[in-house]
Ligand code: PMP
């Protein structure tokens, strides 16, 4: 069952209401997280909560809850939802300030948590993505997980309007990330992903896939690459919490490798399926 928590109240998601003067609404002045739940257990909770704390600190929103309080709240949200497999969405905005002003008010942050049923992909249902490349014209703090995703939406929807599934963004000749995912390439069984910087989100799934691939014995390097190197790769993947790991089979109308799911993707994807369901 879908459920929402808003500033202390548990509600049906469509019954949760915020003020029009909430800075999340007025300015996109808010940060967020998306966490996966498998078999009733939150996977990678600690890194997600650490990234949330970092996002809040970067935008100078006072943390509304301690790590232990977040953990207890998310546990209660999952219990109340009675869902085994779900996605948790957290949003913290700077709260209400009135009248509208760029200057921060002193209102308490708005805290929203939702739990939505979700089934992760399988080898059979994983999408085979055909994407385009696009100029990355977002702001230069893409490492902060802010809700202001207008540029990501513009770039993705332009790609869809042109008949693609998504876009991989490029800035200064270097691949940054997907519109809501991180990018990997594979050449001769060596895996590469762009290094962490302020130009891309430090994806939790990215870290998980790096660790999973290394455990399988693959060499993974975090180094920059451009369009040519990506087009010449044997495999290209996108990683994100809901997507997990998805093969990109075509870019700008050109096939990647044989234009189908690759063997390294299959191996890493399958190992991740085991990893996410192991009870620690
Ligand atoms: N980059 C962007 C721009 C994203 O929006 C996301 C997913 N929210 C990711 C990367 C992947 O992050 P994660 O693996 O933590 O879901």
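Quick note: the coordinates plus some simple rules give every number you see, no bench work behind them. All figures in this text were calculated on a predicted structure; none of them were measured in a lab. Heads up, the Cβs are rebuilt from the backbone with ideal geometry, glycines too, and the neighbour counts pull from every protein chain shown.
Overview of results
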| item | result |
| --- | --- |
| Approximate spin-label separation residue 16-residue 104, in nm, with each point projected 7 Å along Cα-to-Cβ | 2.3 |
| By average C-beta atoms within 10 angstrom, highest first, the peptides 134-143, 240-249 | 240-249, 134-143 |
| Cβ crowding within 10 Å averaged over residues, with 14-25, 162-173, 198-209 ranked highest first | 198-209, 162-173, 14-25 |
| C-alpha long axis of helix 263-277 to longest principal axis of the chain, angle in ° | 30 |
| Residue-span extension gain [residue 68 to residue 198] - 0.36 nm each, minus C-alpha spacing | 44.0 nm |
| Mean shadow area of segment 129-276 over all directions, Cα convex hull, nm² | 7.9 |
| Virtual spin-label span in nm between residue 84 and residue 124, 7 Å along Cα→Cβ | 1.7 |
| On Cα atoms only, tilt of 67-81 relative to the major axis of the chain in degrees | 80 |
| Residue 231/residue 135 FRET efficiency (R0 25 Å; Cβ-Cβ; nearest 0.05) | 0.90 |
| C-alpha long axis of helix 45-59 to longest principal axis of the chain, angle in ° | 70 |
| At 1.002 mPa s and 20 °C, Stokes diffusion of segment 47-95 via Kirkwood alpha-carbon radius, µm² per second | 180 |
| Choice from 117, 99, 127 showing the highest fluctuation, given a GNM over the chain with Cα pairs closer than 10 Å | 99 |
| Per residue convex hull volume, Cα atoms of segment 3-117, in Å³ | 89 |
| Column: log10 I(q)/I(0), Debye, Cα scatterers of segment 209-280, q = 0.12 Å⁻¹ | -0.35 |
| Percent breakdown of C-alpha pair distances by 10 Å bin, ordered from the shortest bin, for the chain | 6, 27, 34, 24, 8, 1 |
